[in-house]
Amino acid sequence: MNSAPIIGVLALQGGVREHLGSLTAAGAQAKAVHSLGDLASIQGLVIPGGESTVMSKLAIQDGLLEPLRQARASGMAMFGSCAGMIMLANQVTDARADQEFIGGIDMSVRRNAFGSQIDSFEMDLEVQGIGGVSFPAVFIRAPWVEEVGPEVQILSTISKGPRAGTIVAVQQGPLLATSFHPELTGDIRIHATFVEIVRQYA
Ligand code: GLN
C-alpha cells in the first residue's frame, strides 16, 4: 500500500486537532471524520479523548454508531486514546446506563478510574514496541484496564507507586488503546506505531 495511509480522526467531540497533527507528523494523511462518506474514505481511525458519554450520544444522533461498529468488525485499524479507549472496550465499568460503545478489544475498563483527587497527572511509562526511552504519558480523568482476554497484548503498565501494575496501553490485532493522551506530548512514537499498524492491516 502507499506509504502515507489515510487515517481519520473521529470528529464528533474531543481532542481532534491534536491527533490530526500527530498523525501528519507520523507520516499519515490525516483527515477529520464527520460523516459516513468520510468513514468510507479512510484506512484507519483514531478515536480521540474527550467524553465517552457525549461521544456515544453524538455517534447515535449522527447515525455513525453502527457504521463504526461495522468498520471495526470488518477489520479497520483503530486507535482509541482515553475516551477512545472506552469506546473500543468490550466491557465498561461505571458507564452511563444509556452509553453505547464500538467495542472490539476483549477487555474490561473502568471509566474515571484514577479518582477525582488525581484528575490529571503525567508519568513516564515504558511502552512496548515504540522503541527508545520511556514515553511521557498525560492522564486526564483516565480509564484503566481491569481485565484482558488472552488475545490482548499488554503494551504498558504503571511501574511505580500505589497503582503499580495497572494496565494503561493494549493492542489486539489492528486495535490499539491507551488510557493516556499521546497527542498532547509532541512525542509521536505511539502515532507512528499506529501508522505501521494501519499499513499492516489495510
Ligand atoms: N472520563 C472521560 C470519559 O469517560 C475520558 C476522559 C478523557 O478522554 N480525557 O469519557
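The values are calculated or read from the model by the stated rules, or taken from the named source; none is laboratory data. Owing to the predicted nature of the structure, the values given are computational and were not obtained by experimental measurement. As a convention, Cβ positions derive from the backbone with ideal geometry for all residues, glycine included, and neighbour counts pool all protein chains shown. Heads up: the accessible areas ignore ligands, DNA and RNA and are worked out on the full protein's heavy atoms, side chains in. Shrake-Rupley method; radii C 1.70, N 1.55, O 1.52, S 1.80 Å.
Sorted by accessible area with a 1.4 angstrom probe, largest first, how do Arg163, Arg110 fall?
Sorted by accessible area, descending: Arg163, Arg110.
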Most fluctuating residue given options Val152, Val92, Val33, as computed from a GNM of the chain linking Cα atoms under 10 Å: Val152
Magnitude of the charge dipole, the chain, Cβ model with Lys/Arg +1 and Asp/Glu -1, debye to 20: 140 debye
Most mobile listed residue (Glu51, Glu66, Glu100) in the chain, GNM with C-alpha springs under 10 Å: Glu66
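For the chain, take N as its residue count and report Rg(C-alpha) divided by 2.2 N^0.38 Å.
Values: Rg = 15.3 Å, N = 202, 2.2 N^0.38 = 16.5 Å.
Compared with the compact-globule rule of thumb, the chain sits at 0.93.
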Distance from the range 154-182 to the range 33-78 (C-alpha centre basis), Å: 22 Å
Within the accessible area of the chain (1.4 Å probe), percent carbon and sulfur: 49 percent
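Hey, what number do you get for the chain at 222 nm if only DSSP H runs of n ≥ 4 count, each worth -39500 (n - 2.57), divided across all residues, to the nearest 500? Before the final figure, lay out each step's value.
On the way: 6 runs with 52 residues, N = 202.
After summing the helix terms and dividing by the residues of the chain, the value is -7000 deg cm²/dmol.
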Note, ³J(HN,Hα) from phi for the range 162-173, Karplus 6.51, -1.76, 1.60, rounded to Hz, x at Gly and Pro: x, 9, 3, x, 5, 7, 10, 8, 9, 9, 9, x
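Accessible area per residue for the range 66-106 in Å², computed with a 1.4 Å probe and the full protein assembly in place, what is it? Spell out each step's value before the answer.
Numbers: 1610 Å² over 41 residues.
So the range 66-106 comes to 39 Å² accessible per residue, rounded to a whole number.
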